[in-house]
Structure formats: C-alpha cells, structure tokens
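In what follows, a structure is listed as structure tokens, so that the remarks can point back to it.
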Amino acid sequence: MSTLLETPGAGRFPRAASRSSRGQLDMRFQLEDRHLGLARGVVRHHLAWWGVSDEIAEVVLLAVNELLTNVLVHTNPGEDRLPSANLLVQHVPGGVTAVVRDEDPRPITRKPSALLDSGGRGLDLVRALVDEFSIAVTGQGKDVWFFVADPARPATE
C-alpha cells in the first residue's frame, strides 16, 4: 500500500501548481531559470485564449519575465533552496493586470547601473512599458503589480 502513496521521483522536481478560470490564471511554483520560458508559454497561451492582441501580449510577457527574473536573482531561496513565486494574470475590463508575489520580505532597492552593465534595468523597463505599476511589501514578502491598457477592451465593458 505504501507504494501506491509514494510519488515516483518525489523531491527531484520543483513544485508547481496552476488554476485557470475565465480570464484569470493563477500559478504558484518554485523557480529556476529554465522555468521562465515555460511560465511565459503558459501565460502566452492564456492571453491568446482570452483574445488579447499580440501587441498587448508581448508587453505583458516581457513584464512578467522581468518580474520573475527578479524573484530568481534577488530573493532568498526557500527551505528547499529554490525561490518560490506566485503569478496572477487577469484579463480585466480595460486591459491585462498581473501580480508577481515572492516570499522575501526585503524591499526592492534600486542599484545604479553603469552604461554598459548587462543587468539592473528590469524594473525601469517594466515601468516604461506598462501603464500602471506598484510594489507592496507585506509581512509575507512582496507583491509587484502592473496593468497594461488594451484600447480594444475599454474599461466600460
């Protein structure tokens, strides 16, 4: 009986879970750099199912990628040595909104980057691309939120 209850290869793979309902995708996962493309693919397909234009989808995907990369690079890993992230993407009247949550309670600090540095500009890039952006530090970590307006889906729908 114990064989039936054991998961083959348990502990070898990072944990991931997702839920999707009409216009909403909710994902929680342990993050490795190789998972960024997988997460983008899941988000891309949901945006397509929701009828979001390619132009808006590309902005959302770039912002999601930058924020997940920040979790990967800048947060302290959890007990299992991989950082955890939550990603909530919603197709709302007026556009698309997303929240990336991590479990590191340290506030985001902006570090100046030299002209030729290859990193350090992710949040500036996100701020420049999206229509609204906010960061909230909570007792359990951080929420980084953005909104991308979609003129084809007015807020008055």
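Just so you know, all these numbers are worked out from the coordinates, no wet-lab data involved. Please read these numbers as outputs of a predicted model, since none were measured by experiment. With ideal geometry, Cβ positions are generated from the backbone for all residues, glycine too; neighbour counts draw on all protein chains shown.
Which distance in nm do the two modelled labels at GLU132 and ALA17 give, with both placed 7 Å along the Cα-to-Cβ direction?
So the two model labels end up 2.9 nm from each other.
Check each of the trypsin sites (Lys or Arg not before Pro) in the stretch 32-96 and keep only those in coil by DSSP with at most 12 other C-beta atoms within 10 angstrom; list them in order. Show your work: numbers first, answer last.
Details: sites: ARG34, ARG40, ARG44, ARG81; in loops: ARG81.
Taking the stretch 32-96 and a limit of 12 other Cβ atoms within 10 Å, the loop trypsin sites (Lys or Arg not before Pro) found are ARG81.
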